[in-house]
Amino acid sequence: MEMQEQLRKIQQEAAKELEKIADKSGLEEIRLRVLGKKGQLTQMLRSMGQLPPEERPQAGQMINAVRTKLTEQMDEMEKKLREKEQEKALEREVIDITEPRAHTAFGSKHPLSLVEDKLISIFTSMGFDAVEGPEVELDLFNFELLNIPKNHPARDAQDTFYIEDNIVLRTQTSGVQAHTMLERKPPIRIICPGRVYRADEVDATHSPVFHQMEGLVIDKDVTMADLKGTLDIFAKSLFGEDVKTRFRPSFFPFTEPSAEVDLTCVACHGKGCRVCKGTGWIEVLGAGMVNPKVLDMCGIDSSVYGGFAFGLGIERIAMLHYGITDMRLLYEGDVRFLSQFRED
Ligand code: PHE
């Protein structure tokens, strides 16, 4: 029978070609040619009308059988192709986790931040809270409540940046003492690190913006021995067990009595060198017993409570700690300089 022969040929040919195809587009080509709207099988179905009616059902069955068979084979082939493609993709996208990667440059903390962190950790371990205060400050807090009189030289425009008559860039962190005393009830134990501003020219030891850390303790029965002990522990924690502290009489309007506090020179351990100008001592901070006038102005009863305060320059401590001789290096942002400092 001519049609049977034709069907067999179509099927054989298609099967043979299916064996050979390499990708999906090859498969689609065959599918279209055999099963498509204008494909070989579809055309045969259409031409069935020319057959005698009694032969049509059988012919239809045969064509459909071939169609089903070829569809199955093509689907099977499609599945195989998809699997192959996935395998290839997996091979292509394989990641070698042992391959050395490009060098990564690590950042490091700024030496001032390292020292500030260290100071905070020393004092918080002694029970101090770290607090912050405003850098743009009222005259009231920067001067008035600290018992700094109207005619004090520190109030001069040559020393202080004024925003308005009554508003300054704080010249010291001591204003946070007043804020804290007005806000909290004793016992008070705080430190306050932060930026301060003074109308200074830039040189190896001065900058118009620098950093201080204030300390304040208010309680009953606080003595100068507590101040000395606290600063001793601070000095030893930062510079080593053999460091000694020394108080020299000084004056601050907000403390009475007041002291300049020296440490044995961290470079020569007190023998005398260039860093300490041969004296064996270096000045690191100002301190004293909180002036009762300040306590009363800030709402704390000076007949019941007393306390001590201290203030240090973070730049100065950082320079001593790391042996930095020019303050400007701390602000220039030179990576060759900055990358030398690591957390210890
Ligand atoms: N505020 C003082 C200064 O800037 C330092 C200081 C703080 C002194 C607290 C005594 C008590 O020099």
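The values are calculated or read from the model by the stated rules, or taken from the named source; none is laboratory data. Nothing here was measured: the structure is a model prediction, and the numbers come from that model. Virtual Cβ from ideal backbone geometry, glycine too; neighbours counted across all protein chains shown.
Could you please find all residues in segment 26-41 being part of a helix (DSSP H, G or I) and either at pLDDT below 85 or exposed (fewer than 15 other Cβ atoms within 10 Å of the Cβ) (or both)?
Within segment 26-41, GLU28, GLU29, LEU32 qualify.
Quick grid of which residues meet (1) touching a residue at least 60 places away in the same chain (Cβ under 8 Å); (2) closer than 21 Å to ASN147 by Cβ:
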residue: THR160; (1), (2): no, yes
residue: VAL168; (1), (2): no, yes
residue: LEU182; (1), (2): yes, yes
residue: ILE190; (1), (2): yes, yes
residue: ASP200; (1), (2): no, no
residue: HIS211; (1), (2): yes, no
residue: ASP219; (1), (2): yes, yes
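Taking the options GLN212, GLN177, GLN172, name whichever one is assigned to a strand (DSSP E or B), polar (S, T, N, Q) and under 23 Å from ILE317 (Cβ atoms).
GLN212
Quick check on my filter: what residues within segment 16-25 are within 24 Å of LEU45 (Cα to Cα) and surrounded by 15 or more Cβ atoms within 10 Å (Cβ to Cβ)?
GLU17, LEU18
Looking at GLU99, GLU76, GLU91 in this structure, which one is without any contact (Cβ under 8 Å) to a residue 12 or more places away in the chain, in a helix (DSSP H, G or I) and exposed (fewer than 10 other Cβ atoms within 10 Å of the Cβ)?
GLU91
Would segment 185-192 turn up any residue that is under 18 Å from PHE143 (Cα atoms), in the same structural domain as ARG170 (by TED's automatic domain parsing) and within 14 Å of the ligand (Cβ to nearest atom)?
Yes - at least one qualifying residue is present in segment 185-192.
Which residue out of THR255, THR279, THR264, THR325 is in contact (Cβ under 8 Å) with a residue 12 or more places away in the chain and touching a Lys or Arg at 6+ places or on another chain (Cβ under 7 Å)?
Sole residue among the options that is in contact (Cβ under 8 Å) with a residue 12 or more places away in the chain and touching a Lys or Arg at 6+ places or on another chain (Cβ under 7 Å): THR264.
Conditions tested, residue by residue: (1) surrounded by fewer than 17 Cβ atoms within 10 Å (Cβ to Cβ); (2) outside the structural domain of LYS220 (by TED's automatic domain parsing); (3) modelled with pLDDT of 95 or more; (4) more than 9 Å from the ligand (Cβ to nearest atom).
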| residue | (1), (2), (3), (4) |
| --- | --- |
| SER250 | yes, no, yes, no |
| PRO257 | yes, no, yes, yes |
| LEU285 | no, no, yes, no |
| ASN291 | no, no, yes, yes |
| PHE308 | no, no, yes, no |
| LEU320 | no, no, no, yes |
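Tally the residues that are farther than 29 Å from THR255 by Cβ and of a type in the set (Lys, Arg), restricting the search to segment 287-344.
Qualifying residue count for the region: 3.
What are the residues in segment 48-73 that are part of a helix (DSSP H, G or I) and over 21 Å from ILE30 (Cα atoms), if any?
Selection gives MET48, GLY49, GLN50, PRO53, GLU54, GLU55, ARG56, PRO57, GLN58, ALA59, GLY60, GLN61.
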